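Structure record follows, encoded as structure tokens.
Here, each number is a calculation from the coordinates, and none is a lab measurement. Since the structure is predicted, the reported quantities are computational estimates derived from the model, not experimental observations. Here the Cβ positions follow ideal geometry from the backbone for every residue, glycine too, while neighbour counts run over all protein chains shown.
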Amino acid sequence: MNKWIKSAAVVLLYALMLAACGTEKKNTTEISESSSVSSVSQTSEGESTTATEDIFAMDTFMTITAYGANAQKAVSQAVEEIQRLDSLLSVKNESGEVCAINKNGGGTLSEDTAALVEKALWIYETTGGAYDITVYPLMELWGFTGDTPSLPESDQIKEVLQKCGSEKLTYKDGVLTLGKGQGIDFGGIAKGYTSARIMEIFEENNIDSGVVSLGGNVQCYRRKTDGTLWRCGITDPDSPDDGSLIGKVEVEDKAVITSGGYERFFVDEKSGETYHHIMDPKTGYSAKSGLKSVTIVSSDGTLADGLSTACFVLGAEDAVKYWKKYSDQFDMILMTDEGKLIVTEGLESSFSSDLEFEMVKKE
């Protein structure tokens, strides 16, 4: 029986600090449900409220925290939005839109799904296919959509690989048509889109400050209430479960999203080889790009999520070339299989590490 591991480590750590912690008078209400726990605390002045809620959705644990007069309202709306998008985008929910698209071979897309398809196709085209939403049949074959992944036969991989490729899709005027035998999966981009939507909810509610952690995907709204930047720690891929970090990055109004093979993997009992969930769309096997982890920092959470996967597949050299072309949209932190740490220059003033690292310039 294969050893199947979903890492319990939090990919990104973040510090939540109240601006008025010294004078805070707590008035906390805890609500325990099957899927979420929430808490609210109000300052003695009665002006600034802190609201936090934990929820399990999209197959991961999530935390939403907001500060401000409308904090509870914003957090409640965020939870509702997470649940709505989870239902809409799940490949397993038969009443959801993505499940219906896969079953029917396409359909007229909602605003959310259309936005995801358009972003996914842009990433696919600009990265030469390194990120591809049509790998769903491949993920099914490997068993990564369930709880018992295993190594398929090589001829099975070749057969299923023929169904993959976003160039086989037809998308026009909001209507998506899949190629024969195709299926789509937004698993590599949905949480980033969700965190971006929560930022919009925070904005609509005039929140003072906020942060969301969606299974390790972190997106920060404005600065912390004390005026300092949010500090996000990047997990050491060699020790994901003990809190070790390879560095920290300070941000405001940014998403910080990491992908790594250590998150979900299994060891084949026959060969002893390790296979992880990040598929190379060109080979049909787990990506072997020479990278252990990729962290993307961007104001666009959807882009950050998709690029964390794409750049992992590309490998360090091609990922750096890609960054140089689109450096106005994101920065990144790479850890190679040899333990080399590479950081792009847009993070020069915000990234710190006890390890030696190479700072890549745009030139």
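Please report the relative contact order for the range 97-177, taking Cα pairs under 8 Å with a sequence separation of at least 6, and give it as a percent rounded to a whole number.
Dividing the mean separation by the residue count of the range 97-177 yields 37 percent.
What do you get for GluC sites (Glu not before Pro) in the range 55-104 restricted to DSSP loop and a cutoff of at most 15 other Cβ within 10 Å of the site's Cβ?
In loop regions of the range 55-104 (DSSP not H, G, I, E or B), the sparsely surrounded GluC sites (Glu not before Pro) are 94.
How do 103, 191 line up, fewest other C-beta atoms within 10 Å first?
On the way: 103 10, 191 30.
So the ranking, lowest neighbour count to highest, is 103, 191.
So which lysines pass the test for residue 324, namely a Cα distance under 27 Å, with those fewer than 8 places away in the same chain ruled out?
Residue 324 reaches 119, 191, 248, 254, 282, 288, 292, 340, 361, 362.
Work out the length of the dipole vector of the chain about its Cα centre, built from +1 on the beta-carbon of each Lys and Arg and -1 on the beta-carbon of each Asp and Glu, and round it to the nearest 20 debye.
The dipole of the chain has a size of about 440 debye.
Whole angstrom only: what separates the Cα centroid of the range 148-213 from the Cα centroid of the range 232-246?
Using only Cα atoms to place each centre, the spacing works out to 26 Å.
Could you grab the Rg to Rh ratio for the range 252-363? Cα atoms only, Kirkwood for Rh.
0.99
Fewest to most neighbouring Cβ within 10 Å: what's the order for 79, 249?
Fewest-to-most Cβ neighbours within 10 Å comes out as 79, 249.
As a test, work out the antiparallel percent of DSSP beta bridges whose residues both lie in the chain, rounded to the nearest 5. Write out the running numbers ahead of the final one.
Details: 71 of 74 bridges.
Approximately 95 percent, going by the DSSP bridge assignments.
If you take the charge dipole of the chain about its Cα centre, with +1 on Lys and Arg Cβ and -1 on Asp and Glu Cβ, which of 61, 267, 182 is farthest toward its positive end?
Comparing the listed Cα positions along the dipole, 182 ranks first.
Please check: in the Gaussian network model of the chain (C-alpha springs, under 10 Å), which one of 134, 283, 50 has the largest mean-square fluctuation.
283
Please sort by residue number the GluC sites (Glu not before Pro) in the range 142-211 whose DSSP state is loop and whose Cβ has at most 10 other Cβ atoms within 10 Å.
153
With the radius of gyration and the Kirkwood radius both derived from the Cα set of the range 97-177, what is their ratio Rg to Rh?
Dividing the radius of gyration by the Kirkwood radius yields 0.99.
Pairs of Cα atoms under 8 Å, at least six residues apart: use those to get the relative contact order of the range 73-117, whole percent.
18
List every DSSP H helix in the chain whose Cα atoms extend 24 Å or more along the helix's own long axis and whose mean Kyte-Doolittle hydropathy is at least -1.0.
Passing helices, by number: 71-89.
Charges only on Cβ, +1 for Lys and Arg, -1 for Asp and Glu: so what's the dipole of the range 252-363 about the Cα centre, in debye to the nearest 20?
340
Given Cα pairs under 8 Å that are at least 6 residues apart, what percent is the relative contact order of the chain?
Details: 777 pairs, mean separation 66.5, N = 363.
Relative contact order for the chain comes out at 18 percent.
Ranked from highest to lowest mean number of other Cβ atoms within 10 Å per residue, what is the order of the peptides 126-133, 240-247? Mind showing how you got there, number by number?
Details: 126-133: 22.4, 240-247: 15.9.
Per-residue mean Cβ counts within 10 Å order the peptides as 126-133, 240-247.
Using a 10 Å cut-off around each Cβ, can you sort 280, 318, 185, 238 from fewest to most neighbouring Cβ atoms?
So the ranking, lowest neighbour count to highest, is 238, 318, 280, 185.
Report Rg/Rh for the range 104-229, rounded to two decimals, where Rg is the Cα radius of gyration and Rh the Kirkwood radius.
Rounded to two decimals, Rg over Rh is 1.08.
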